[in-house]
Amino acid sequence: MNIITDNSELFLTGFKNTGILFIISGFFALILGTIVAGMRVSPAPAMRAAGTFYVNAVRNTPLTLILAFFALGYPRLGLPSVSFMNAAIVGLSLYTATYVCEAIRSGINTVSVGQSEAARAIGLPFMKTLSLVVLPQAFRSVVPPLFSVFIALLKNTTVAAGFSVLEAGAIRAYLSERGEPMLPGLLWVALIFVVVVLGIMTPLQRYLEKKWRVAR
Amino acid sequence: MTGCGGDTAGGGSSDGGNGGDAPFEVAKDVALTGSPTFDKIKSSGAIRIGVKEDQPGLGYLDAATGERSGFDIEIATWMAAKLGVAKDKIEFKAIPSANRETALANGDVDLYVGTYSITDKRKKLVDFAGPYFITGQGLLVQKSNETIKSEKDLAGKKVCSATGSTPIQNIRENFPKATPVEFDIYSKCVDALKSGSVDAVTTDQAILLGFASQDPDNLKVVGEPFTVEKYGIGLPKGDTALRTFLNETLTDGNATWTKIYDSTLGKSGTKVEQPKVDQY
């Protein structure tokens, strides 16, 4: 317990930045993932091709590589400079959006064809069919996989510690230089992650699953 | 590499200087009792020493030749020789800063010689022989940089060091106007400095001098050290017999120390006195 009280400032800053990374990247990943999922089911071949290319190119590329590009490679291109925090947010969002897209697309596939046929029959254009009819139904069925994606994102934020963002993943290095024993320090960091996942993410998932449950 | 120095240290960058195969005389029948670490070394006939491998001039591994070089490596080789272990029986292990205490406590390495600063908190986890070198936090900038002359000029500048390292914690606490940038290893910081995405690299001046000497056309060290770091030889906690032995070796070996310094860090011509050991 001493470790956490003696270094409370470090833990607070660390987890505050982890929270910022998670919430902002999660927000952008959800938006971008939904848009790309829409592109991949759209009637326009160019949109489908672009969405498919993005997902297949980025998905499962090591996250370290993506963050290294934005933190170390991008500044050399001579473009406007971004802070390391923003670079990490961009990298995490682009990476996570591919998984969000695929989860939502699998949800779209569970919505029976009759739904979109009926929407078209009453004259709704594609965008409205998607946003008013298909996506609301699709989201319900993808709550569990989406939460897996977001829990993965929460833990993935620690990779940013290697690219100049002082977040939870960097706490260990700080503690070690301050001469604190490493194992208790690491255990505290792990414990806080477990508490966040079990205490916030899991109940939220259960709540949404219940709220949006459909009788089949 | 430089070859312009005198003939005292042999001038060669590899171990051609002191007759090649035996730079340090390997001690026989070492009288050291009551040291569990030494007993282990003696029974296996080999020693495992934790080092750094990305710090030119101190502890550096040439990826092309597999050759290790630097002041710390030489100190380690010297200590091993005094413990009766020849150079070819030394197993060097690269251990990053954050894992040093664990590696010593778990017995992954017998000694650690790699820019390891002696601090009171670390003394609770490991023991230190030495110090064998004293340096302090310095600044490395691009050669063309005229705005940063000392630590007083850091306001509004991006200053890079290793994640969580003592120098970056110092920057965060005492230089709030500077922007800290952290990468896991120093070479990434130096890379960022060369590409212009950071304004200065900060860590122990000895390490910075090594980087500057690798690329003197583009990099320079500015100012005077503004902290005090004492490098010690890390060893497992409680092994007082070994610590005393190493301290005596350092104290008695002033001539050897000077020779090692002149052939590594002192190549640029700087003269430094060996610090007095602290047998706490």
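What follows is calculated from the coordinates using simple rules that are stated; it is not laboratory data. Keep in mind that what you see is a predicted model, and the values were worked out from it rather than measured. Neighbour counts run over all protein chains shown; Cβ positions are idealised from the backbone, glycine included.
Taking each of B:Lys87/B:Lys194; B:Lys28/B:Lys93; B:Lys124/B:Lys194 in turn, the alpha-carbon distance tops 27 angstrom for B:Lys87/B:Lys194; B:Lys124/B:Lys194. Summarising the strand pairing of the range B:37-103, around 45 percent of its internal DSSP beta bridges are antiparallel. Of the residues A:Thr64, A:Gln115, A:Tyr74, the one whose Cα sits farthest toward the positive end of the charge dipole of the range A:17-166, with +1 on the Cβ of Lys and Arg and -1 on the Cβ of Asp and Glu, is A:Gln115. Comparing Cα centroids, the range A:44-76 and the range B:79-148 end up 40 angstrom apart. Fewest-first ordering of A:Val113, B:Val113, A:Val189 by other beta carbons within 10 Å of each residue's beta carbon gives A:Val113, A:Val189, B:Val113.
May I ask you to list the residues of the range A:130-166 whose amide nitrogen lies under 16 Å from a point 7 Å from Cα along the Cα→beta-carbon direction of A:Ile24? Only A:154, A:157-161, A:163-166 pass the distance filter.
The sum of -39500 (n - 2.57) across all DSSP H runs of n ≥ 4, divided by the residue count of chain B, sets its helix-only mean residue ellipticity at 222 nm to -8500 deg cm²/dmol.
Taking Cα centre as origin and charging only the Cβ of basic (Lys, Arg, +1) and acidic (Asp, Glu, -1) residues, the dipole magnitude of the range B:137-222 rounds to 200 debye.
Between rounded, prolate and oblate, where does chain A land on the alpha carbon gyration tensor, with a ≥ b ≥ c its root eigenvalues, rounded for a/c under 1.5, else prolate if a/b exceeds b/c? Here chain A falls in the oblate category. Candidates B:Gln55, B:Ser187, B:Phe226 compared by Cα position along the dipole of chain B: farthest toward the positive end lies B:Phe226, with charges placed on Cβ. In this Cβ point-charge picture (+1 for Lys and Arg, -1 for Asp and Glu), chain B has a dipole of about 600 debye about its Cα centre. Between B:Val85, B:Val228, B:Val181, the GNM of chain B built on Cα springs shorter than 10 angstrom shows B:Val228 fluctuating the most.
For chain A, take the longest principal axis of its alpha carbons; what is the angle in degrees between that and the long axis of helix A:143-156, to the nearest 10 within 0 to 90? Helix A:143-156 sits at roughly 30 degrees to that axis. So, how do all the Cα-to-Cα distances of the protein assembly as shown break down into 10 Å bins, in percent, from 0 on up? The distribution over the protein assembly as shown is 4, 17, 23, 20, 15, 10, 6, 3, 1, 0, given as percents. Remark: mean inter-chain Cβ contacts per residue of B:155-167 equal 3, using a 10 Å Cβ-Cβ cutoff to other protein chain atoms.
Counting every other Cβ atom within 10 Å of each residue's Cβ, A:Ser131, B:Ser197, B:Ser165 order from fewest to most as A:Ser131, B:Ser197, B:Ser165. When both bridge partners sit in the protein assembly as shown, DSSP labels roughly 60% of those beta bridges antiparallel.
Considering only alpha-carbon pairs that sit under 8 angstrom and 6 or more positions apart, the relative contact order computed for chain B is 25 percent. Could you calculate the contour length gain from A:Arg76 to A:Trp212, that is, 0.36 nm times the residue separation minus the distance between their Cα atoms, to one decimal place in nm? Answer, rounded to one decimal: 44.3 nm. Legend: residue pairs A:Lys128/A:Lys210; B:Lys152/B:Lys267; B:Lys89/B:Lys237; B:Lys158/B:Lys220; B:Lys123/B:Lys230, Cα-Cα distance threshold 22 Å; pairs beyond threshold, A:Lys128/A:Lys210; B:Lys152/B:Lys267; B:Lys89/B:Lys237.
How far is helix B:240-252 tilted, in degrees, relative to the longest principal axis of the Cα atoms in chain B, given as a value from 0 to 90 rounded to the nearest 10? In chain B, helix B:240-252 runs at an angle near 70 degrees to the longest axis. Backbone N atoms of the range A:44-86 closer than 20 Å to the 7 Å Cα→Cβ label point of B:Ala63 belong to residues A:62-74, A:76. What you get for chain A, charging only the Cβ of Lys and Arg (+1) and of Asp and Glu (-1), is a dipole of about 880 debye around the Cα centre.
Among B:Tyr60, A:Tyr174, B:Tyr116, sorting on how many other beta-carbon atoms sit within 10 Å of each Cβ, with the fewest leading, yields B:Tyr60, A:Tyr174, B:Tyr116.
For chain A, the longest principal axis of the Cα atoms and the long axis of helix A:45-58 meet at an angle of about 20 degrees.
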